[in-house]
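**Student:** First the structure, then my questions, so here it is.
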Amino acid sequence: MNKKQILVPLSNNSYEVTIQKGIIGSIGEELNRIGINKERKILIVSNREISNLFGEKVINNLKKYNFYAEIFNINAGESYKNLNSLSDIYNFAFDIGLERNSLMIALGGGIVGDVTGFAAATWLRGIEYIQIPTTLLSMVDSSVGGKTAVNHPKGKNLIGAFYQPKAVFIDPETLATLPTREFKAGMAEVIKYGIIKDKALFEYLEDDKNRDDILNLENESLIQIINNSIQTKACIVSEDEKENGIRAILNYGHSFGHVIENLCGYGEYLHGEAISIGMRIAGDIASEKNLWLKEDSLRQNTLLESYDLPTQIPKIKKNEVLTILMGDKKVRDGRMRFILPREIGKVDIFNDISESQFLKYFD
């Protein structure tokens, strides 16, 4: 079988991302391969829908390799990515006697991965965890890089930690169970990688045949776009693990995207849909500042729309936009930082964008 392995090289705690069709049925074998000792207690965090689909398969394989595993389901949805869900995981971890040498596994999408990662980072001051992402967005973005968090009423991902997984296992077959809207939302993050650093990926996504193969979940095309996206992210994270510099470019479209998610109400727009609109706004600002060609901005928006991603900006009050942006984690010394494109495949970080240059896109 076509198997891709990508090293995320860090000064401490480097790890591998493995992409292989069917790997979700051999997690016990994979844990043995990377040196996880048998008979360790494992807490799998998931949600009801995902655990019904894949939980039994994972647990049976873990038992085959003498691991003791139990599943705990948190509620699905961005509104449940909070301290209450985190507390529920702690309670279950205590009840089953999860020890310092135990292991957590995040089985699900980005919300499950973020909450589980933060739970692992903080339970008994930190235990190992594994990511098994089951959505496109979590495969190409949130499962890699060590960002873990829960939301706060004042903003998205305000409470969290940088905490790297022990390994990431990606099975493209799980995408067949994903609602079409969620799959397309994940494509926003793939397109993002093309814009920030991988022109060849962007051009691959523009090709009509490739787009049809991707939307029809053709295995080799999926593996290619997932592999390329993770290669880019691994390269950036290895240079800047805790986002003190270049890692910020991974947030292209995210500042405005988080505003849209927050002010429109979590769930009105999926994360990738909000990021798509955020990329459109960033691209328009870059065009007005003559940072990149208007033709490139049009190519970006056309590509987003070709994957049925939204680019229309919702009606949001200017003063509310400013409040959310100033509370964003990317603010430095009271100045907002924006990621703006120079060309397809290259972006830069800017902290000199005036309020008038972006507030005009909102009511």
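The values are calculated or read from the model by the stated rules, or taken from the named source; none is laboratory data. Predicted model, so just to flag it, every value in this text is computed and none were measured. Positions of Cβ are generated from backbone atoms using ideal geometry, with glycine treated the same way; all protein chains shown enter the neighbour counts.
**Student:** For region 95-123, which positions are closer than 17 Å to Glu70 by Cα, touching a residue at least 12 places away in the same chain (Cβ under 8 Å) and surrounded by fewer than 24 Cβ atoms within 10 Å (Cβ to Cβ)?
**Tutor:** Across region 95-123, the qualifying residues are Ile96, Gly97, Leu98, Glu99, Arg100, Asn101, Ser102, Leu103, Trp123.
**Student:** I need the full set of residues from region 205-223 which are buried (at least 17 other Cβ atoms within 10 Å of the Cβ) and over 21 Å from Gln20 (Cβ atoms), in order please. Give the derivation first.
**Tutor:** Filtering region 205-223 for residues buried (at least 17 other Cβ atoms within 10 Å of the Cβ) gives 205, 211, 213-214, 221-223.
Leu205, Arg211 - these are the residues of region 205-223 that are buried (at least 17 other Cβ atoms within 10 Å of the Cβ) and over 21 Å from Gln20 (Cβ atoms).
**Student:** If you don't mind, another one. Can you pull out the residues in region 80-134 that are small (Gly, Ala, Ser) and within 15 Å of the chain's Cα centre (by Cα)?
**Tutor:** Answer for region 80-134, where residues must be small (Gly, Ala, Ser) and within 15 Å of the chain's Cα centre (by Cα): Ala106, Gly108, Gly109, Gly110, Gly113, Gly117.
**Student:** Shifting gears a bit: Any chance you could count how many residues in region 2-44 are within 27 Å of Ser221 (Cβ to Cβ), in contact with a helix residue (DSSP H, G or I) (Cβ under 9 Å, 6 or more places away or on another chain) and assigned to a strand (DSSP E or B)?
**Tutor:** 9
**Student:** Mind listing whichever residues of region 284-317 are outside any loop (DSSP other than H, G, I, E, B) and loosely packed, with under 14 Cβ neighbours inside 10 Å?
**Tutor:** Glu288, Lys294, Glu295, Leu298, Thr302 - these are the residues of region 284-317 that are outside any loop (DSSP other than H, G, I, E, B) and loosely packed, with under 14 Cβ neighbours inside 10 Å.
**Student:** Scanning for something under 30 Å from Lys154 (Cβ atoms) and under 21 Å from the mean Cα position of the chain (by Cα), does region 288-303 turn up at least one residue?
**Tutor:** No, region 288-303 contains no residue that is under 30 Å from Lys154 (Cβ atoms) and under 21 Å from the mean Cα position of the chain (by Cα).
**Student:** Ile214 - would you say it is under 30 Å from Gly35 (Cα atoms) and in contact with a helix residue (DSSP H, G or I) (Cβ under 7 Å, 6 or more places away or on another chain)?
**Tutor:** So Ile214 does not fit the description; no.
**Student:** I'm checking my understanding of the structure. Among residues of region 26-36 that are touching a residue at least 60 places away in the same chain (Cβ under 8 Å) and over 23 Å from the mean Cα position of the chain (by Cα), which one is farthest from Lys4 (Cα to Cα)?
**Tutor:** Ile36
**Student:** Give the residues of region 127-144 that are buried (at least 24 other Cβ atoms within 10 Å of the Cβ), of a type outside the set (A, V, I, L, M) and either under 13 Å from Lys166 (Cβ atoms) or in the same structural domain as Leu250 (by TED's automatic domain parsing) (or both), sorted by residue number. Give the steps one after another, and end with the answer.
**Tutor:** Going through region 127-144, the residues buried (at least 24 other Cβ atoms within 10 Å of the Cβ) turn out to be 129-144.
Within this subset, residues satisfying the condition of being of a type outside the set (A, V, I, L, M) are 129, 131, 133-135, 138, 141-143.
Those that are buried (at least 24 other Cβ atoms within 10 Å of the Cβ), of a type outside the set (A, V, I, L, M) and either under 13 Å from Lys166 (Cβ atoms) or in the same structural domain as Leu250 (by TED's automatic domain parsing) (or both): Tyr129, Gln131, Ser143.
**Student:** Another question, then. Hey, Asp348 hits all of (1) modelled with pLDDT of 90 or more; (2) assigned to a loop (DSSP other than H, G, I, E, B) but one; which does it fall short on?
**Tutor:** Only one criterion in (1) modelled with pLDDT of 90 or more; (2) assigned to a loop (DSSP other than H, G, I, E, B) is unmet by Asp348, namely (2).
**Student:** Where residues in region 168-182 are surrounded by fewer than 21 Cβ atoms within 10 Å (Cβ to Cβ) and over 13 Å from the mean Cα position of the chain (by Cα), which of them is nearest to Gly283 (Cα to Cα)? Give the steps one after another, and end with the answer.
**Tutor:** So the first thing to find is which residues in region 168-182 are surrounded by fewer than 21 Cβ atoms within 10 Å (Cβ to Cβ), and the list is 173, 175-182.
Still in the running and over 13 Å from the mean Cα position of the chain (by Cα): 173, 175-181.
Details: Glu173: 33, Leu175: 29, Ala176: 32, Thr177: 33, Leu178: 29, Pro179: 28, Thr180: 26, Arg181: 23 Å.
If we take residues in region 168-182 being surrounded by fewer than 21 Cβ atoms within 10 Å (Cβ to Cβ) and over 13 Å from the mean Cα position of the chain (by Cα), then Arg181 is nearest to Gly283 (Cα to Cα).
**Student:** Let me ask something else about it. Residue check: is Glu189 surrounded by fewer than 23 Cβ atoms within 10 Å (Cβ to Cβ) and of a type in the set (D, E, K, R)?
**Tutor:** So Glu189 does not fit the description; no.
**Student:** Name, by its number, the condition in (1) more than 20 Å from the chain's Cα centre (by Cα); (2) outside any loop (DSSP other than H, G, I, E, B); (3) of a type outside the set (D, E, K, R) that does not hold for Phe362.
**Tutor:** Here Phe362 clears every test but (2).
**Student:** Out of region 7-45, which residues are in contact with a Ser or Thr (Cβ under 9 Å, 6 or more places away or on another chain) and surrounded by 20 or more Cβ atoms within 10 Å (Cβ to Cβ)?
**Tutor:** Val8, Val17, Ile24, Glu30, Ile42, Leu43, Ile44, Val45
**Student:** Could you tell me whether Ile159 is farther than 18 Å from Gly77 by Cβ and not small (Gly, Ala, Ser)?
**Tutor:** The answer is no for Ile159.
**Student:** Can I ask one more? Picking from His271, His254, His258, which residue would you name as being crowded, with 23+ Cβ neighbours inside 10 Å and either touching a Lys or Arg at 6+ places or on another chain (Cβ under 6 Å) or among the aromatic types (Phe, Trp, Tyr) (or both)?
**Tutor:** Working: His271 fails: either touching a Lys or Arg at 6+ places or on another chain (Cβ under 6 Å) or among the aromatic types (Phe, Trp, Tyr) (or both); His254 fails: either touching a Lys or Arg at 6+ places or on another chain (Cβ under 6 Å) or among the aromatic types (Phe, Trp, Tyr) (or both).
From the options His271, His254, His258, the qualifying one is His258.
**Student:** Still on this structure, I have one more. Is it true that Ser287 is without any contact (Cβ under 8 Å) to a residue 60 or more places away in the chain, in contact with a helix residue (DSSP H, G or I) (Cβ under 6 Å, 6 or more places away or on another chain) and within 22 Å of Arg337 (Cα to Cα)?
**Tutor:** It is true that Ser287 is without any contact (Cβ under 8 Å) to a residue 60 or more places away in the chain, in contact with a helix residue (DSSP H, G or I) (Cβ under 6 Å, 6 or more places away or on another chain) and within 22 Å of Arg337 (Cα to Cα).
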